[in-house]
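Asks: Input: one structure, supplied below.
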Amino acid sequence: MRLLERFSRGDLNLTRIEAFSDGVFAIVVTLLVLELKVPALKDHMSVEELWHQLYELMPKFVSWLISFIIVCKFWLNQSHLLGLAGRANYGLAWLNSLFLMGQSFIPFPTAMAGEYPHNPLAVSFFGIVFAVNTLLFMLLYAYIQRNVMKPELKAKEDPHGPIKGLVGVVSYGLGAMAAWFSVPLAFVIYALTPLFYITPRQWKPKGKR
C-alpha cells in the first residue's frame, strides 16, 4: 500500500509530459515509414518490373497506412486526455509512459504484417497489439478521471466513457480472430476501427446526450 501511495505524490510539470509524449509519437510515425524502401530493379528502365515491385510492396503500404492512422488517432485522443488533467503526479507519469511503451512497439507488428501479409499469425498479432494499446489508453483515462481531473470537469463526466472505450478493444480483437480465416477482412476491420475515435468525444453534463 505504501508503494501505491507513492504514485499519488509528486507535483510534476504536465507540459513536460505532453512534450515527451509528442516526441515519442513523432519517432513512432517516423519508424513506421522506414519499412517502405525503394525497390531494387535489375533493369532500371523497366516500367513493368517497377510496377511488379510496387505491387509486391502493397501489403507494406496498407499496414503502414492503417498503423499511421491509428497512431495519429491515439495521439489526438491522448493529447485531449492530458488536457483534462489539472495536475500531474508519479502515477500519471508512469501510466502515460506505459502507454507510450505500447505505442513504440507498433512499428514491429506493422513491419511483420507487411512482410508476411498472408500469415494469419502475423496479421492477428497486428490486431492484438492495437487491442493492448487501447487497454493501456483506457487505463490512463481511468486514472486521470479518478485522480487528477480538473474539478470543473467532474460534473461533466460520461459514466459510459469506459464502456465506449471497449469498442476498440472488441473490434481489434475481432480483427485478430478474423485473420485466421480471412486476412482481407481483418485488414478491413483494422482500417474501420479508428473511425469510432477519429476525434475526441465532447464532454457534456450528465444526463445529456
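Asks: Hey, in the GNM for the chain with a 10 angstrom Cα cutoff, which one of ALA131, ALA19, ALA85 fluctuates hardest?
Replies: Ranking ALA131, ALA19, ALA85 by mean-square fluctuation puts ALA19 first.
Asks: Also, quick follow-up: How many nm is it between the label spots at LEU166 and LEU195, if each spot is 7 Å from the Cα in line with the beta carbon?
Replies: Computed distance between label sites LEU166 and LEU195 equals 2.3 nm.
Asks: If you don't mind, there's one more thing I want to ask. On full extension of the chain, what length is gained from LEU12 through TYR116, given 0.36 nm per residue of separation minus the C-alpha to C-alpha distance?
Replies: Extra length from LEU12 to TYR116 when fully extended: 33.1 nm.
Asks: Taking the Cβ-Cβ separation of MET177 and TYR90 as r and a Förster radius of 30 Å, what is the calculated FRET efficiency to the nearest 0.05?
Replies: Calculated value: 0.20.
Asks: Quickly estimate the mean residue ellipticity at 222 nm for the chain, helices only: each DSSP H run with n ≥ 4 gives -39500 (n - 2.57), and the total goes over all residues, rounded to 500.
Replies: Calculated at 222 nm, the ellipticity per residue is -22000 deg cm²/dmol.
Asks: Hey, can you list the DSSP H helices of the chain whose Cα span along the axis is 24 Å or longer and whose average Kyte-Doolittle score is at least 0.0?
Replies: 14-33, 58-83, 120-143, 161-178
Asks: While we're looking at this one, here's another question. On the principal axes of its Cα set, how long, how wide and how thick is the chain? Give whole Å, largest value first.
Replies: Its Cα atoms span 65, 33, 31 Å along the three principal axes.
Asks: Additional query: Quick check: net charge around GLU35, other residues with Cβ under 9 Å of its Cβ, Lys/Arg +1 and Asp/Glu -1?
Replies: Net local charge, GLU35 excluded: +1.
Asks: Also: Please compute the net charge surrounding GLU49, taking Lys and Arg as +1 and Asp and Glu as -1 over other residues with Cβ under 14 Å from its Cβ.
Replies: -2
Asks: At R0 = 35 Å, how high is the FRET efficiency between LEU153 and PHE108 if r is their beta carbon distance? Nearest 0.05 is fine.
Replies: With a Förster radius of 35 Å, E is 0.45.
Asks: About the Cα centre of the chain, how large is the charge dipole given +1 on each Lys and Arg Cβ and -1 on each Asp and Glu Cβ? Please answer in debye to the nearest 20.
Replies: The dipole of the chain has a size of about 1320 debye.
Every number in this text was worked out from the coordinates using simple rules, so none of it is lab data. No experiment lies behind these values; they were computed from the predicted model shown. Backbone-built Cβ (ideal geometry, glycine too); neighbour counts: all protein chains shown.
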